[in-house]
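The values are calculated or read from the model by the stated rules, or taken from the named source; none is laboratory data. Computed from a predicted structure; not experimentally measured. Note that we place each Cβ from the backbone using ideal geometry, even for glycine, and neighbour counts take in every protein chain shown. The accessibility values were calculated without ligands, DNA or RNA, using every heavy atom of the protein model including side chains. Shrake-Rupley method; radii C 1.70, N 1.55, O 1.52, S 1.80 Å.
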Amino acid sequence: MSEDVSKRRLGRGLAALIGEMDQPIPVGDTRPSVSPDRTLPIEFVSRSPKNPRRHFDEAELQDLAGSIRQHGIVQPVVVRTIAGGNRYEIIAGERRWRAAQLAGLVEIPVIIRDVDDRTALELAIVENVQRADLNPLEEALGYDQLIAEHGYTQNDLGEIIGKSRSHVANSLRLLKLPEPVRDMLAEGSLSAGHARALVSTPDPTSLAKVIAAKGMSVRDAEKLAQNHIKAQNAPA
């Protein structure tokens, strides 16, 4: 079997697993990699250190915590077992887990998936991207992680995530930006469109500060970037 065919099959398998991740497991399901829904003490559950999502809005967490106090957790947190047998690592649902702690829950409902490190990472990245839970920098870092650690191509990622190859390529371009600009992107003071316009400029950090200070549109930011590139290339 060719590597391309294997990748496509893997992509379809991930998509199917992601599609069912937050659905209750039917009673009597005997698939060996699936356990029925259950509750776990919240202290037995921990976040994955490789979850691409790093930013959680505090106000949104407080709102979700309020909803959880009133209605409980509607969608179970998806976890996998880790060393020790009574410890679990989150695959999907870290936001719910964080909000549950704020709400004072001592137990949370979970769905347990028996997956290895590679699949857990793939699921975490793809699930977050499909739910639009990542900021543009987190999304780019997630793509880069899959490419670096698991040999994905941009085409592979596009097929699995349901986005075009150009979308993946444009996301990865953001990683070429200097750290101050990437910080502004992560914080939301720059959009992905603003940031992409700066990739080829001679001084993206200074331009990013101008764009943010003036509240420029993406089109105006692109014009500003083009003018600076022309000025750099103009004969002395």
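Brief remarks on what is shown
- Applying the condition of being over 19 Å from Ser48 (Cβ atoms) and among the basic types (Lys, Arg) to region 121-172 and asking which residue is surrounded by the most Cβ atoms within 10 Å (Cβ to Cβ) yields Lys163.
- Residues of region 93-139 classified as small (Gly, Ala, Ser), in contact (Cβ under 8 Å) with a residue 60 or more places away in the chain and more than 23 Å from Leu172 (Cα to Cα), total: 1
- Residue check for Val27: part of a loop (DSSP other than H, G, I, E, B), at pLDDT below 50 and more than 17 Å from Ala120 (Cβ to Cβ): yes
- Tally of residues being closer than 16 Å to Asn135 by Cα and either open to solvent by 30 Å² or more (accessible area, probe 1.4 Å) or over 19 Å from the mean Cα position of the chain (by Cα) (or both) across region 185-220: 7
- Residue list for region 102-120, filter: within 22 Å of Ala59 (Cα to Cα) and either surrounded by fewer than 17 Cβ atoms within 10 Å (Cβ to Cβ) or touching a Ser or Thr at 6+ places or on another chain (Cβ under 8 Å) (or both): Leu102, Gly104, Val106, Ile108
- Selection from region 80-100 of residues that are touching a helix residue (DSSP H, G or I) at 6+ places or on another chain (Cβ under 9 Å) and either modelled with pLDDT of 95 or more or among the hydrophobic types (A, V, I, L, M, F, W, C) (or both): Ile90, Ile91, Ala92, Trp97, Ala99, Ala100
- For Ala169, the conditions (1) free of Cβ contacts under 8 Å to residues at least 60 places away in the same chain; (2) touching a His at 6+ places or on another chain (Cβ under 9 Å) all hold with the exception of (2).
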